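The values are calculated or read from the model by the stated rules, or taken from the named source; none is laboratory data. Computed from a prediction, not measured in an experiment: that's the story for all the values here. For neighbour counting, all protein chains shown are included, and Cβ atoms are generated from backbone atoms with ideal geometry for every residue, glycine included.
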Amino acid sequence: MQLYMDGESVEKNRGKLESVTRRWWFILLFILLQFVPAYASKGYDPSKMGEIIGYILGHSMVSSVGFLYPVFKVIPILLVLSIVFFGSRATRWFSVYVGVSYVLFAFLQSIAITEKYGLSIVTSNLVMFLIVAVFWFWEAVVQRNDFALQKLSMWKYWVVPFAFMAFWYPANPLTLMPDFNPVYLLTNGAGLAFCMMTPVYLAILTFYYPRVNVAAFRVTSIAGTIIGFYNVLVDFFMVPSVLWWNGVLHIPLITISIYGLILSFRKG
């Protein structure tokens, strides 16, 4: 009886979360979160908010863990292979890893410690990424994603080259210009980057939709759409001479995120 009640409770909570994440005000909260100011222990001129955010992102702590980059390239590859060969038996491991990823994105990409600003934080990104992480840890508990093998329509595979390009991130680390060195598949920092891994995670969920955790799918897509919009704006319109290729490599983020968001609001 207890097991039945627990299962019933899980289903009720799942239904509530899916309903809440469908509300217009839930998406509005994510948008309003973007107006939360960045923090810097040494202070800064509020009129230069965009400048400090760019500075923090460019000097974030993720650059100090380069020795871990290969680890966070190999693990996603192994997880994708485990989904292909083991189906739903890999669901929980995948969800836990994705949750851990978003925690790492939150702290490693949103925080910098520099002489200029001291401890500085892109608060909106930190909070948003942690919210996404919570949904994935919840999925690891309830296991709504069903990765059992199924036949897919060929058109659904359009996300594969986009996700692959994001994961590869073929850009010279010094110039950010095109550099299709295959070694980057295992050595660069894309595995610890929100913008590069989110298209990969969402692409996987699009294959199995609607047999997925819709709330986690939707929240991840919302965050991806917001961050993707920012990158397209900056890379193509504000600093195109330097960041145009980085903008191209962020197209998978915004396109797959919008696609995932549309799917998440469809009736399965």
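I'd like the full set of residues that are in a helix (DSSP H, G or I) and over 25 Å from F35 (Cβ atoms), limited to the stretch 203-215. Hits for the stretch 203-215 are A203, I204, L205, T206, F207, Y208, V214. In the stretch 107-127, how many residues are within 18 Å of G228 (Cα to Cα) and either in contact (Cβ under 8 Å) with a residue 24 or more places away in the chain or touching a Gly at 6+ places or on another chain (Cβ under 7 Å) (or both)? Within the stretch 107-127, residues that are within 18 Å of G228 (Cα to Cα) and either in contact (Cβ under 8 Å) with a residue 24 or more places away in the chain or touching a Gly at 6+ places or on another chain (Cβ under 7 Å) (or both) number 7.
Entry remark, the stretch 229-254: residues being surrounded by fewer than 19 Cβ atoms within 10 Å (Cβ to Cβ), within 16 Å of the chain's Cα centre (by Cα) and β-branched (V, I, T) number 2 in total. Here is a list: L130, L79, L104. Which entry is surrounded by 15 or more Cβ atoms within 10 Å (Cβ to Cβ), part of a helix (DSSP H, G or I), touching a residue at least 40 places away in the same chain (Cβ under 8 Å) and aliphatic (A, V, I, L, M)? Matching residue, one of L130, L79, L104: L104.
Test F180 against the criterion of being in a helix (DSSP H, G or I) and over 18 Å from F72 (Cβ atoms), and give yes or no. Considered against the rule, which asks whether it is in a helix (DSSP H, G or I) and over 18 Å from F72 (Cβ atoms), F180 comes out as no. Taken over the stretch 194-219, the criterion of being within 14 Å of Y259 (Cβ to Cβ) and of a type in the set (A, V, I, L, M, F, W, C) is satisfied by V200, L202, A203, I204, L205, F207, V212, F217. The one condition from (1) more than 13 Å from the chain's Cα centre (by Cα); (2) buried (at least 17 other Cβ atoms within 10 Å of the Cβ); (3) more than 21 Å from F26 (Cα to Cα) that L119 does not meet is (2). Would you confirm whether or not the stretch 13-29 contains a residue that is closer than 21 Å to A193 by Cβ and at pLDDT below 95? No, the stretch 13-29 contains no residue that is closer than 21 Å to A193 by Cβ and at pLDDT below 95.
Only a single criterion out of (1) surrounded by fewer than 23 Cβ atoms within 10 Å (Cβ to Cβ); (2) in a helix (DSSP H, G or I); (3) not aliphatic (A, V, I, L, M) is not satisfied by G260, namely (1). Against the criterion of being assigned to a helix (DSSP H, G or I), modelled with pLDDT of 95 or more and more than 18 Å from G66 (Cα to Cα), G228 qualifies. Within the stretch 152-208, restricting attention to residues that are surrounded by fewer than 18 Cβ atoms within 10 Å (Cβ to Cβ) and touching a Leu at 6+ places or on another chain (Cβ under 7 Å), which residue is modelled with the highest pLDDT? Ranking the qualifying residues of the stretch 152-208, first place goes to M165. Using the structure shown, decide if A166 is among the small types (G, A, S), in contact (Cβ under 8 Å) with a residue 60 or more places away in the chain, under 23 Å from I75 (Cβ atoms) and assigned to a helix (DSSP H, G or I). Considered against the rule, which asks whether it is among the small types (G, A, S), in contact (Cβ under 8 Å) with a residue 60 or more places away in the chain, under 23 Å from I75 (Cβ atoms) and assigned to a helix (DSSP H, G or I), A166 comes out as yes. If you take the residues of the stretch 235-249 that are in contact with a helix residue (DSSP H, G or I) (Cβ under 8 Å, 6 or more places away or on another chain) and in contact (Cβ under 8 Å) with a residue 60 or more places away in the chain, which of them is farthest from A216 (Cα to Cα)? Looking at the filtered set, the residue picked out is L243. Taking residues in the stretch 46-74 that are surrounded by 13 or more Cβ atoms within 10 Å (Cβ to Cβ) and of a type in the set (F, W, Y), and partners anywhere that are assigned to a helix (DSSP H, G or I) and at pLDDT 95 or above, the pairs with Cβ atoms closer than 7 Å and at least 6 places apart or on different chains are Y69/T187; Y69/G189; Y69/G191; Y69/L192; F72/G191; F72/L192. Of everything in the stretch 25-59 that is charged (D, E, K, R) and either assigned to a helix (DSSP H, G or I) or under 24 Å from the mean Cα position of the chain (by Cα) (or both), the residue that is farthest from L176 (Cα to Cα) is K48.
The residues in the stretch 216-248 that are over 20 Å from I53 (Cα atoms) and not hydroxyl-bearing (S, T, Y) can be counted, and the count is 7. Identify all residues within the stretch 231-257 that are of a type in the set (V, I, T) and outside any helix (DSSP H, G or I); write none if there are none. Hit for the stretch 231-257 is V239, nothing else.
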